[in-house]
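Just so you know, all these numbers are worked out from the coordinates, no wet-lab data involved. The structure presented is a predicted model; accordingly, all values stated were derived computationally and were not measured. Glycine also receives a Cβ, built like all others from the backbone with ideal geometry; neighbour counts cover every protein chain displayed.
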């Protein structure tokens, strides 16, 4: 061979990659209504945040998770970690159901003194304390981790607290009480909070209860928290805060949160306010089950929490897919003395500033019902607004912002001067008809001006608004579902004018990076079913057949993938699709079928399936198999874990699209690769 040709051949060989070249999927966290900077699971249902603990530089966020559906179902603990409370790394589910029941809400702590005796190495053990529900009977169990929360071992002595004969007996929040040198648990029990103590997290003693005749009892009490805070930052003046979620009858309807301020002696909590006085944590419709992070270092000193951003009236029906459920932004909680007593204030954590883009600012503007001098081209779907209005220097009856504005759409966030109220009106926000309890009028919070001024700090995302009035004295959290094109922003005033002392708008960036799905195929388009990129790969779920296709097509090729059938949703099959049309009415499939223990090669002709060949072999759920198809003309060789299991001929289809299929299952596909 010509020496020059040999040199060129060698150069080309050096230029080719040593392994598969993966195509980044630009659709990751870009679905309609998908938040840019709020935490959401990659796919499936989530509700309450659980097990919030800080250890070794990481904030852990566990959460109620149904890995096989978009509605509440058999509960697991999902898991994510963050180093900055903003950018989250998804981890595998931490806790799954067992013989004691499904995994309901709970908490986690660092057992610094190894009181439970679970430590096996240099790392301090993390202990999860959670409710298990089996056919309606609820008990408390524990699990431990010696590897920074990556794997968990359930305590063989579970449950650590059996059910005392109560229907509702759940959501343990545990903390170390330094003065009495023991662990304290607050536990929701229907219409009250039960308090237990323990020396070691394994043996628990009932101490007292709180709640009868106290505060709101419009619904079942859930997800309590108990912590101490300084009043106005004074370390010599401290009070205890008891947080309680209420399943119904909250201030804006449906579920919500209330709190109590008082004292705690290590055994019992006493409310310092009249028992019929209700203190609401958030005046919006969509703030629930917030609990605080444990073990925040004393050098930080903040009390931090976040909540589930939904409402039990319509949570199972919110119009999002392939996920359902989100958390609020993390907030710092403080106590402040007001003229009518001590109350909490909430402010967004400072770490959120890292998501800001280039800001715009204005000062000393007059906003009137006739119009304003601010630019008319303000727009975006995710941003932070910081505004201060001089209420005493104007005549407007109402003023504020219209966010996510489009054709016949907007969410109004404003202040009503006559009523002295901060409000959110989402009646024109977009999709408000998916449930009758979603569009129920304004959400309103009482708010007095301070020195004649009203401050609004507003966080807008693709499907939510969070409004902090007067430095967090009042907060309203609400979901919204506008069209993707509704990106307008307007400052408004009604019936007069108001002075806008200052306004700064920060665009907020998306916190999610590249898709964890690995494939050299691109242009994925869902044909039917639910598909999402997850840390396990591209997940498909369907109660029948579900298809997704790529933009690539081929004739002769090797097409392969790792496939895992998950333990849930039918335990059916996952398949490679090839030489297919775009809607897969025609084409070939090769699958692994856990329901029938078979590898199958078959085809669809005009939507009707016909088996070409099959190989009987055990196919287990939650086990990863490598499936490979080699197509050469009319010959097809199917390999399972690199063993030839099918060698067949068929000449129906000669060319077509590559895709994936799930049948009667939740399945994931990773390292999906085509070589032509």
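Quote the FRET efficiency, to the nearest 0.05, computed for residue 151 versus residue 495 with a Förster distance R0 of 45 Å and r equal to the Cβ-Cβ distance.
Values: r = 62 Å, r/R0 = 1.37.
The value I calculate is 0.15.
Order the peptides 60-68, 197-205, 499-507 from the highest to the lowest mean number of other Cβ atoms within 10 Å of their residues. Before the final figure, lay out each step's value.
Details: 60-68: 24.4, 197-205: 17.1, 499-507: 19.1.
Highest to lowest by the protection proxy: 60-68, 499-507, 197-205.
Semi-axes of the equivalent ellipsoid for the chain, please: Cα gyration tensor eigenvalues, times 5, square-rooted, ordered largest first, whole Å. Each step should come with its number before you reach the end.
Values: eigenvalues 463, 226, 98 Å².
For the chain, the semi-axes come out at 48, 34, 22 Å.
Let me have the 222 nm mean residue ellipticity of the chain computed from DSSP H runs of 4+ only, each contributing -39500 (n - 2.57), with the sum over all residues rounded to the nearest 500.
-500 deg cm²/dmol
Full extension from residue 208 to residue 647: what is 0.36 nm times the residue separation minus their Cα-Cα distance, to one decimal in nm?
Result for the pair: 151.0 nm of gain on full extension.
Can you list, bin by bin at 10 Å, the percent of alpha carbon pairs in region 356-507, starting at 0?
Taking every Cα pair in region 356-507, the percentages come to 12, 44, 37, 7, 0.
Got the relative contact order for the chain handy, in percent, Cα pairs under 8 Å and 6 or more residues apart? The partial results should precede the final answer.
Details: 1930 pairs, mean separation 75.7, N = 676.
Reported relative contact order: 11 percent.
Quick check on region 525-675: take the gyration tensor over C-alpha atoms, sort the square-rooted eigenvalues as a ≥ b ≥ c, and tell me if it's rounded (a/c under 1.5), prolate or oblate. List each step's numbers first, then the result.
Working: a/c = 1.45, a/b = 1.20, b/c = 1.20.
Rounded, because the longest to shortest axis ratio a/c is under 1.5.
Arranged by the count of other C-beta atoms within 10 angstrom, fewest first, what order do 95, 489 take? Kindly include the intermediate steps, with their values, before the conclusion.
Details: 95 24, 489 21.
In order of increasing Cβ crowding within 10 Å: 489, 95.
Put a dot 7 Å past each Cα toward the Cβ at residue 350 and residue 248; how far apart are the dots in nm?
In this crude label model, residue 248 to residue 350 measures out at 4.4 nm.
If you take the beta carbon distance between residue 502 and residue 358 as r and set R0 to 22 Å, what does 1/(1 + (r/R0)^6) give as a FRET efficiency, to the nearest 0.05? Working shown, then result.
Values: r = 18 Å, r/R0 = 0.80.
It comes to 0.80.
Which of 384, 179, 605 comes first, and how do the rest follow, when ranked by fewest Cβ neighbours within 10 Å?
On the way: 384 24, 179 8, 605 12.
Fewest to most other Cβ atoms nearby, the residues stand as 179, 605, 384.
Looking only at region 260-283, which residues have a backbone nitrogen under 16 Å from a spot 7 Å from the Cα of residue 336 in the C-beta direction?
Under cut-off, by backbone N: 280-283.
Work out how much length residue 366 to residue 191 would gain on full extension: take 0.36 nm times their residue separation and subtract the Cα-Cα distance, in nm to one decimal. Don't jump to the answer; show the numbers that get you there.
Details: separation 175, 0.36 × 175 = 63.00 nm, distance 5.02 nm.
Here the answer is 58.0 nm.
Which of rounded, prolate, oblate describes region 44-350, given a ≥ b ≥ c as roots of the alpha-carbon gyration tensor eigenvalues and a/c under 1.5 marking rounded, otherwise prolate only if a/b is larger than b/c?
Working: a/c = 1.27, a/b = 1.12, b/c = 1.13.
Rounded.
Between region 243-282 and region 437-476, what is the C-alpha centre distance in whole Å?
After rounding, the separation between the Cα centres reads 20 Å.
Classify region 154-288 from the C-alpha gyration tensor, please: rounded if a/c falls under 1.5, else prolate or oblate depending on whether a/b exceeds b/c. Intermediate results must be reported in sequence, preceding the final value.
Working: a/c = 1.96, a/b = 1.19, b/c = 1.65.
Cα axes put region 154-288 in the oblate bin.
Please work out the Cα center distance from region 540-554 to region 171-216, rounded to the nearest Å.
Between the Cα centres of region 540-554 and region 171-216 lies a distance of 50 Å.
At a threshold of 8 angstrom on Cα-Cα distance, excluding pairs fewer than six apart, so keeping six or more, what relative contact order does region 356-507 reach in percent? Each step should come with its number before you reach the end.
Details: 405 pairs, mean separation 64.7, N = 152.
Here the relative contact order equals 43 percent.
What distance in nm separates the simple spin-label points at residue 277 and residue 321, each placed 7 Å from Cα in the Cβ direction?
Each label point lies 7 Å from its Cα, and together they span 4.9 nm.
Cα axis of helix 3-15 to longest principal axis of the chain: angle in degrees, 0 to 90, nearest 10?
With rounding to tens, the tilt is 30 degrees.
Round to the nearest 0.05 the FRET efficiency obtained for residue 56 and residue 634 when R0 = 56 Å and r is the Cβ-Cβ distance. Walk me through the numbers before you get to the answer.
Numbers: r = 58 Å, r/R0 = 1.03.
So, using R0 = 56 Å, E works out to roughly 0.45.
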